[in-house]
Structures are given as C-alpha cells and as structure tokens.
Amino acid sequence: MTEAVATAQKREYWRWREYDWRDESLDWKRAGGISVGIDVGSVSSQAVVMCDGKLFAYSSLRTGSNSKTSAQRALEVALQETGMPREKVNYLVATGYGRVNIPFAQKAITEIACHARGANFIYGPTVKTVLDMGGQDCKAIRCDGRGKVTNFLMNDKCAAGTGRGMEVMAELLQIPIEDVGPASLSLPEEPPPVSSTCVVFAKSEALGLLRQNWSKEKVLGSFCLAMAHRTVELLSRVGVEKDFAITGGISKNIGIVKRIETKLGVEALKPSIDPQIAGALGAALFAKALYEKELSGNAKTGS
Amino acid sequence: MITAGIDGGARAIKVLILRDGKQLARSSALTGFDQQATVTQALESALQQAGVAREELQHITATGIGRKAISFADSEVTEMSADAKATVSLFPQARTVIDVGAEEGRAIRCEPDGRVKDFAVNEKCAAGAGTFVETMARTLEIKLEEAGALSLKAEKVIPMNAQCAVFAESEVVSLIHSGTAKEEIIRAVHEAMADRISAMARRVGIEREVALVGGVGRDAGFIKALAGKLGMELFVPMEPEFAGALGAALIAAERARAS
Amino acid sequence: MLANYGYKDGSGEYFIAIDTDKCNGCGACVKACPADVFEITADPFDPLAEKQVAVIKEDHRKKIKYSCALCKPTGERPPLPCTAACEPQAIAHSW
Ligand code: SF4
Ligand code: SF4
C-alpha cells in the first residue's frame, strides 16, 4: 500500500496537478459560437471552452483508464460554475492519444496540428518552432504565423528524450523527479554526457559511474546533458527558427531546458497561459473554424 | 598447437582454449567493473581446466565489444569474423549466422571458408538485442532460463506494440494487470524480438543454412519465433554463447600457423 | 508541409519525409511499396485542407527501419521503389 502511494507520488510530476480556470467576466450567453477542444493524453486530459474564439474556461485532469469518461469529466469540470449546459456547445474537437475513442466529438484531429495552433494562440504569431516534450513522446513542430504546421516530427518510439526516460533515471538515483533539474545544475562544471542514448544502456552506464564514485548530481548532470544533446539533434531535423517555445512536462525541468537553450543559443519564450492546455486550445480553435465552415456550407446549400 | 579465444562481451567474458582445432576447455565470467581482472580470472580458470600452462598458449585472439581492453591478447578480430569462422566450423553447410547477444544483434553472411561476406547490426538500442527479453522476463518475474519453455506453451500470439524496451515494460505490466497469461506475454516478447532480428537478417540476404549463436540461442521460445519468421530451421550449437570465443580461438590458430 | 514519419532511437534516425506540398495523392507509392507502409488519406496534420495526401501508416511509424529493411540491403542499394515511383519527388528517406 505505502509502496503504491510512493510510486503515485513519484509519478505525480509528469501527471500534473489537477486544476481548472474560467473567465467570470465573459458572458457566454451572448456568444455566437461556442467551441470546445478536448485533449486526452496518456497521463493528463484537458478541456478548453471558447466563446467566439475567446478563452472562456479550461480544466486539466488526470486521464483515467477510459478515454471517453476522462474527456467527459474534463469538460464537466471546465463547465462547472459557469452555468453553461453542455448542449450549448456548437462544435467539439478531440485530440491527443485517446482522441478516436470520444464518440461525442464531431471530429478528431492530431496533436501535432492542435499543438501548433494552440501555441500560436498562447505565444502569439511570432512563435515558429515548438518543442513539446511529454511523458511518452517528443514532438518538434515548425509552424507559420497562423499556426499552420510547416514541418514536424514526432518521436514516440524511444523512451530516451521523454519524461519516461527521465523518470527511469530519477528512480535509479532515488532523486524526486521535481528535484532533478536543480540538482543537475548544482555542479561547478558540466560533466561529460553519458555515451548511451538508450535509457536501458544509460542506466547501466550510470551504475558504472556511481561505482567510480561520481556523485548522484554529476550522474544526473551527465544524463541531462545527453538528453538535451539528443533533443537538439532531433530538433535540427525540422530546423529551429525564432521564436522558440518548449512545452510539455519536461518544460518544467530546468536542467533540460537550460541545456537545450545553451546548445541552441536561443532562449525559449515564457508563456502567458499554461502551455499544458496548448493541445486542447488548438482543438477548440479548429472546432471554431470547422463550425464556421459548417455554417457557411449550410448557408450555401440551405435557403 | 594450443590457442585461446577471448570474447569480451557486454555482459560476460568468455574464454575458450583449443588444441589442434579441438576444444580443451572454456569458461565464462560476468563482465565486472574491473575488466582486466575478470578476463585474467576467466583465462586462468580455463587454463586450469585444460591442464595447460599460460606459456603453452601460442596465440591469444580477442573479440567482442571489450576486445580493445584485453591488453595481453596477441591479436584481435571483429565479432563478425569470429562468428563467421565459428559457424562454418560448427556447421560446414551454414552460410548465414545470426548472433543475438546481450546488447547487440548481428547477421553475417559467410563464405564457405568462414570469411565474412556481408553483415548487418542492431546496436545501441536495447529493443534489438538480448537485453529486451531479459528485461521483460524480469518484469514478468520469471527466470530467463524459464522464458523459452513458458513461451512454447502459449496458445495464441498476442501483439506487442511498444518497440522500446522501456515502453514495452509498461506494456507488459498492463498486460499482466489485464489478466493475460504469462506464457502469452513472453511469447509476444519473443515474436516482437524475432520480427526485428529477422528484418535485420534479411538485409544481408539470407543464404541457407542459417545458424543462431549468442546467449539468446539458449532460449527455445526465441528460436521457435525466429525460425517461424524466417520460414526455415535454424542450426543452434550446444553452447551458443561461446561461438565468438571459439571463432577467435580458431583465428588465433590460423594466425599462429601463419607466423 | 514536411511530414517526418519515423523515429530516432539509440541506434540512429529513421525518418521518411513526405512533402505534402509536392504530393498529389496519386497513390503510386502505395502500389510500389512491398511493405505496404503508405496510405492515401485526408492530411491528418492539416485538418482544414481538402487535399488527399500520402501518409505512413500508424503501425509502421515506430518500426520503419525494419519495415523498409528489404529495400535497403547491406550491399549495393537499388533505387527505393517508393521514391522511384513518386513522380513529384515528394518522398525522402533519412537513412
Ligand atoms: S534506444 Fe533504448 S530507450 Fe530507445 S527505443 Fe531502444 S530500448 Fe528504448
Ligand atoms: S523503401 Fe521500400 S518498404 Fe520502405 S517505404 Fe519505400 S518502397 Fe516501402
């Protein structure tokens, strides 16, 4: 029992705390179109509600074992206290890992497309490169000033360079995951990076380094450096154009972010809205566009 | 003439001593922190078994990832050359050898005299080598030696989606939670691994007959899965993990003769 | 748009890039590929576009190195069937 609790807490960092937000000053009753985006990821789910393209409410919750109920719950939590009934939603788009299992969504759209569009809203039209480092994947996206994807890649095959890889290392060294970043930066100078990319092999390498009396912090630093290096290599496939933003769970790990920035010689943008909702936000923006398209289509075919 | 082959593998050091082409002794030790010490120890134990003094060894050839660190060897040879040499000596009709060790998978096409014609390697990713099966066995809480027999008992083949040893671990955990039988899970692990190894082997252009060597050659579940993917029977030596050391010892004898 | 399908792992980078601005959705790659990795669908990464384009099927994306193994022998490499078949030259392999 205690062990289960301990693991749950250890993983907490990648699962995020649950939260919700709404703009009380906005009167949804006067909105012409209400669009919703729901992002069901492997660890967390977000719902974003927009009125005429303005951010109205959102929630971010843990994903349960079922995509459909997770999506439902996210929407309920976002709408609670707003007085808006679910029937008022004009168009709902689902995204994320669980997107195809949400029957009440009118359309499912890939995370990549939604992420770019969401980032465009959060960071503004100057953002051209988005690096999203999640718990189980890593995405590199280039987009234009309107948030349309121009070049992307998604790496979800290999645990190296994902939150899962970081977690394995933190577990091995028994350092709480949220301390990894600061601990890895607490060194007088950068250690050489671990030579194995593979998390499994890096683990054996780390054990060898500990036996050579390296401190845990030094091993961590060495691992973070290798991870940053690998991520920059991956980014170079799509190319980095300013402005540059980092989203996803790992964007909170300063040990990785700092090293990526140093390698690129570019500073990542600071978000004004929690970038965790970028996917759901993008989905809501697509929902708006698709709703308008539907309306104009009806107008043409009707009357 | 007496020669020795030393295979400094990622997981274990193997030593094999030959007299006029016949095996006198062999020994192995886990690759420890101090590789020199481990190698010396394994060599001493093989010499003792063979009843041979160190000075009687005419040539020592080292192979394996750790071969560079074996400073007292007279010469070294690549893993591919050692594998090819050993395979053709064990199975004269073999023309392709697949070697799956702890950290690397290799496929080598050989000439009738045991020279290397062509090869392909899976390296630096645990999903393409023996570590994959080992990690999954640990997650299933079964001994690696039991994996083969268990896998053969599986009634059906279930798919395995993860292509990474780390993600596959989580997949195995969720399969256990959903009540899937261990036999079926380990079978899925073997099939997934065989998929990757057979695709790699096809790159060299498989020529019959095909031999399987390396530690994973002890795993009946993997042998069956790989034979199934390739659609042919595989020749597997009694002690597949010693193929590299055998090849090195054979090459040592050739080199001793030549000098 | 350049859609990069595939991955990078410890052993290397394996990506097939499809340039959706060049791809005309003709389906020549689908017919040419012996491993059946392509399909023609509405662009999943540009939901507002009407165009049909080639994409790499989901179940090949995490093992593309192995899916393409037969077309990439260790010896001399013949032209890849997919890139040879693609008239607008929309397909590029990273390895
Ligand atoms: S390199 Fe390691 S971490 Fe990456 S896919 Fe292979 S097994 Fe997984
Ligand atoms: S290289 Fe061969 S298998 Fe790979 S996509 Fe092209 S045609 Fe298909």
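The values are calculated or read from the model by the stated rules, or taken from the named source; none is laboratory data. Predicted model, so just to flag it, every value in this text is computed and none were measured. All Cβ positions, glycine included, derive from the backbone under ideal geometry; neighbour counts span all protein chains shown.
A compact table of results
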read-out: Qualifying residue in segment A:257-273 (condition: among the β-branched types (Val, Ile, Thr), surrounded by 14 or more Cβ atoms within 10 Å (Cβ to Cβ), at pLDDT below 90 and over 20 Å from C:Lys8 (Cα atoms)); value: yes
read-out: Tally, over segment B:124-168, of residues that are more than 10 Å from chain A (Cβ to nearest Cβ) and free of Cβ contacts under 8 Å to residues at least 12 places away in the same chain; value: 5
read-out: Conditions (1) among the charged types (D, E, K, R); (2) within 21 Å of B:Lys22 (Cβ to Cβ); (3) out of contact with any strand residue (DSSP E or B) (no Cβ under 8 Å at 6 or more places or on another chain): number failed by B:Asp74; value: (3)
read-out: Selection from segment A:214-243 of residues that are more than 12 Å from chain C (Cβ to nearest Cβ) and more than 17 Å from A:Ala160 (Cα to Cα); value: A:Trp214, A:Ser215, A:Lys216, A:Glu217, A:Lys218, A:Val240, A:Glu241, A:Lys242, A:Asp243
read-out: Matching residues in segment C:77-94 - criterion: being within 18 Å of C:Tyr7 (Cβ to Cβ) and more than 10 Å from ligand 2 (Cβ to nearest atom); value: C:Ala92, C:Ser94
read-out: Elements of type strands (runs of 3 or more DSSP E) contained in segment A:118-211, each with 3 or more residues being under 19 Å from A:Ser44 (Cβ atoms) and away from ligand 1 (no atom under 16 Å from the Cβ); value: A:129-133
read-out: Strands (runs of 3 or more DSSP E) wholly inside segment B:27-143 containing at least 3 residues that are within 16 Å of ligand 1 (Cβ to nearest atom); value: B:116-123
read-out: Residues of segment A:39-92 satisfying the condition of being surrounded by fewer than 24 Cβ atoms within 10 Å (Cβ to Cβ), closer than 28 Å to A:Cys138 by Cβ, out of contact with any Pro (no Cβ under 8 Å at 6 or more places or on another chain) and among the charged types (D, E, K, R); value: A:Arg62, A:Arg73
read-out: Cβ pairs under 6 Å, 6+ apart, first in segment A:181-210 and without any contact (Cβ under 8 Å) to a residue 24 or more places away in the chain, second assigned to a loop (DSSP other than H, G, I, E, B) and not polar (S, T, N, Q); value: A:Glu205/A:Val194
read-out: Hey, A:Val180 touching a Cys at 6+ places or on another chain (Cβ under 8 Å) and farther than 25 Å from B:Val166 by Cβ or not; value: no
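One line per residue, one yes/no per condition, for (1) more than 14 Å from chain C (Cβ to nearest Cβ); (2) within 26 Å of the chain's Cα centre (by Cα):
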residue	(1), (2)
A:Gly145	yes, yes
A:Val149	no, yes
A:Phe152	no, yes
A:Ala160	no, yes
A:Gly165	no, yes
A:Leu185	yes, yes
A:Pro191	yes, no
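Conditions (1) touching a helix residue (DSSP H, G or I) at 6+ places or on another chain (Cβ under 6 Å); (2) over 25 Å from A:Gly135 (Cβ atoms); (3) within 16 Å of ligand 2 (Cβ to nearest atom); (4) outside the structural domain of B:Ala12 (by TED's automatic domain parsing), marked per residue:
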site: B:Ile98; (1), (2), (3), (4): yes, yes, no, yes
site: B:Arg106; (1), (2), (3), (4): no, yes, no, yes
site: B:Glu111; (1), (2), (3), (4): no, yes, no, yes
site: B:Ala126; (1), (2), (3), (4): yes, no, no, yes
site: B:Ala137; (1), (2), (3), (4): yes, yes, no, yes
site: B:Ala149; (1), (2), (3), (4): no, yes, no, yes
site: B:Ala165; (1), (2), (3), (4): yes, no, no, yes
